[in-house]
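**Q** Shown below is the structure under consideration.
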Amino acid sequence: MWRLNKVRHKAGRHGDSSEQFRSKRREQENALRQARRDRQLVSKRLLLNDDEEHPEVTMETNSAGQDVVSLFLKLQHSGPEKEADLKALSKALRDPSAQLTFIKYGKSMHLLVGLLTGSNAQCRLQAVQCLHELSHSPHATVAPACLPVTPYLLTYLSGQSTRFTELCLYTLGNLCPDSDVVTEKLLAQGIIPALTSCLENQRHNLALVEAVVLKQLPSDLPSLLLSVLTPDPQFGLAPAIECAWCLHYLTSRQSAVDGRVLLCHGALLQCSSLLVSIGGVVADGKKEEGMELLICPLLRCVGNLLSSCPVDDLIAQVDDVRLPAALCALLQAYLHTQPALARETAWVLNNLTAHSIEFCSALLTLNLVPGLIQLLPFSQGINTMVKLRVLANIAHKKKEFCVQLIQLGLLSALCATLKMADPEMVTLSLDVLFMLVTSCPQVAEEFVKQGGLSLIEAIQYNSEGEMRRRAAYLLEHKLLS
């Protein structure tokens, strides 16, 4: 999720062009936010058996279906090979077609319930593994078919076996994104108190607690998550990583009430403070293995919460001006090795500067802008777009900021972005250029000296619509006047 200031732009004789531009930009931002949310929320995990390192290659469809039927019939009768048969069944259920065969076969779920509640601990574990394989199914009909078993999974969340509880949690987490019916049933069955109890009792092992996307936000869940967010040297990064992903799922929901609840619990303050600490460590070249697995959900939490935070409360919620420096350190550290993580960092920078003159000023005061400008011509795609938006946010705040951006070399970087093939990139570059030449008339002369005039003329000649009108306005009123 992200937002940025609407860039003011005069459009010559077209009096309503500015409002049309803002309206179109709002529609694009809403669509992008929804697309990013959809991609981030639905996340299924497949846990393998302890003796497996990689999932086996899926067998042929006909063979898998036949094996499922054969194993189902064998499991209806007790015998010494029941544990081995269950293990074979869990592997057969990795085939999507076999999953459908199994749930359509009479009393298949009753069989798993019986094994799940039996006295043989290993059979119970393998029965949950079978359910876990089903929960990973791409078919929407599988999740509702598993509902007869979910009350038992919830009961077992209070068990003593880490592996067993872990399988139950991941299975429940996999089932939720597929069906609102399943989510509502789980809420009615008491998943909220069950998860809360699990958090309280298993805080030392939060690798157990993968987020479940729910339709309610219990008041005590955020505080429990935040209480274990900071990495504990005794247990490593794993608990904090899972906790951060849980918070990410909650912050990604569209409810304004949820955002306020999380802000009241100090989620933005704590997540941003943790990012400041991590950014300092990364800047010193001390990247711990797996650190990026924690950084990613933290960035998404902060980015989403920034867009929920009232402008007047921003400084109170994020009271550390070192956050921009930490974000820039992460951006530099992961730009080439993990560009997706660099992109998430740039989104947060965009949200941070969209409505805060203080953080825009911090980027300039801490001499962080030159690094962003230098990266513009060498980045690709969305990374370049977001960095340019951050610079646009700074330029939009103050005339003095525009002057500083010019002194730091933004004009030559714009000459590079104006040559790019992406129309949206060129349009945003024109907007930034407009703000610069408006704030300081001498900029137009310098831009022309750098060969910018021919670039704008080429855009006017080769482009259409809004981009052409922007180029024409710049030529007529700013560059040739």
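Please treat every number below as a calculation from the coordinates, not as lab data. Quantities reported herein were computed from a predicted structural model and do not represent experimental measurements. Backbone-built Cβ (ideal geometry, glycine too); neighbour counts: all protein chains shown.
**Q** Work out the FRET efficiency for residue 481 and residue 66 from their Cβ-Cβ distance, taking R0 = 56 Å, and round it to the nearest 0.05.
**A** 0.10
**Q** Using Cα-Cα distances under 8 Å and only pairs 6 or more residues apart, what relative contact order does region 65-211 have, in percent?
**A** Over region 65-211, the number comes to 20 percent.
**Q** Here is a further query. State the Cα centre-to-centre distance between region 279-347 and region 454-476 in whole Å.
**A** 36
**Q** Using only C-alpha positions, report the orientation-averaged shadow area of the convex hull of region 65-111, nm², one decimal.
**A** Answer in nm², one decimal: 2.9.
**Q** Compute the FRET efficiency between residue 446 and residue 337 as 1/(1 + (r/R0)^6), taking r as their Cβ-Cβ distance and R0 = 35 Å, and round to the nearest 0.05.
**A** The value I calculate is 0.45.
**Q** A further question follows. Stick to the Cα atoms of region 65-211, pair each with every other, and give me the Kirkwood hydrodynamic radius in Å at one decimal.
**A** When all Cα pairs of region 65-211 are included, the Kirkwood radius is 15.4 Å.
**Q** Give a quick list of trypsin sites (Lys or Arg not before Pro) in region 95-176 that DSSP marks as loop, anything other than H, G, I, E or B, with at most 11 other Cβ atoms within 10 Å.
**A** Listed in order of number, the matching sites are 107.
**Q** Debye calculation, C-alpha points only, no solvent: report log10 I(q)/I(0) for region 339-481 at q = 0.14, 0.15, 0.17, 0.20 Å⁻¹, in the same order as the q values.
**A** So the normalised log intensities are -0.61, -0.70, -0.90, -1.23.
**Q** Report, in listed order, any pair from 74/107; 74/104; 387/478; 398/419; 387/419 with a Cα-Cα distance greater than 20 Å.
**A** Too far apart for the 20 Å limit: 387/478; 398/419.
**Q** Something else: Taking every Cα atom in region 324-393, find the radius of gyration and the maximum pairwise distance Dmax, and write them in Å.
**A** Using the Cα atoms of region 324-393, the pair Rg, Dmax is 10.8, 31 Å.
**Q** Can you tell me what the convex hull of the Cα atoms of region 293-357 projects to on average, as an area in nm²? Write down the numbers at each step before the final one.
**A** Details: hull surface 16.5 nm².
Its Cα hull, projected and averaged over all orientations, spans 4.1 nm².
**Q** A further question on this structure: Report the Cα-based extents of region 259-374 along its three principal axes, largest first, to the nearest Å.
**A** 35, 29, 21
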